[in-house]
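The values are calculated or read from the model by the stated rules, or taken from the named source; none is laboratory data. Note that the structure is predicted; figures quoted are calculated from it, not measured. Cβ: placed from backbone, ideal geometry, glycine included. Neighbour counts: every protein chain shown. These accessible areas exclude ligands, DNA and RNA; they are computed on the full protein's heavy atoms, side chains included. Shrake-Rupley method; radii C 1.70, N 1.55, O 1.52, S 1.80 Å.
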Amino acid sequence: MILTSKQCKDEETFFEIIQLYSKKGDVIADVTYGNGNFWKKIDESQFTLCKSDLTSGVDFRKLPYE
């Protein structure tokens, strides 16, 4: 078993996650987008990004997009 740990800013971790699990042109729904803090290091134009935020009253069971 390999265990690793890393300490960094949220946007750096999110950048690595997007690199691992997404590819150019993917449609991504981020129901926690808010101010876009996690997306600071990512070129959003590479994706179709559906932005919303639970704090604005959006219900994740009834998102405002398909």
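At a probe size of 1.4 Å, how large is the accessible area of TYR33, to the nearest 10 Å²?
Counting only protein heavy atoms, TYR33 exposes about 40 Å² to solvent.
Return a whole-number percent for the relative contact order of the chain, with Cα pairs under 8 Å and 6 or more residues apart as the contact set.
33 percent.
Quickly rank 16-23, 36-43, 57-64 as a protection proxy: mean count of other C-beta atoms within 10 Å, highest first.
36-43, 16-23, 57-64
For a distance above 21 Å, tell me the whole-number percent of Cα pairs in the chain that qualify.
When all Cα pairs of the chain are counted, 33 percent exceed 21 Å.
Between THR13 and CYS50, 0.36 nm times their residue separation minus their Cα-Cα distance comes to what?
Computed gain between THR13 and CYS50 is 11.3 nm.
Considering only protein heavy atoms and a 1.4 Å probe, what is the carbon-and-sulfur percentage of the accessible area of the chain?
About 52 percent, which is the carbon plus sulfur part of the accessible surface.
Please work out the average accessible area per residue across the chain, using the 1.4 Å probe convention, and give it in Å².
84 Å²
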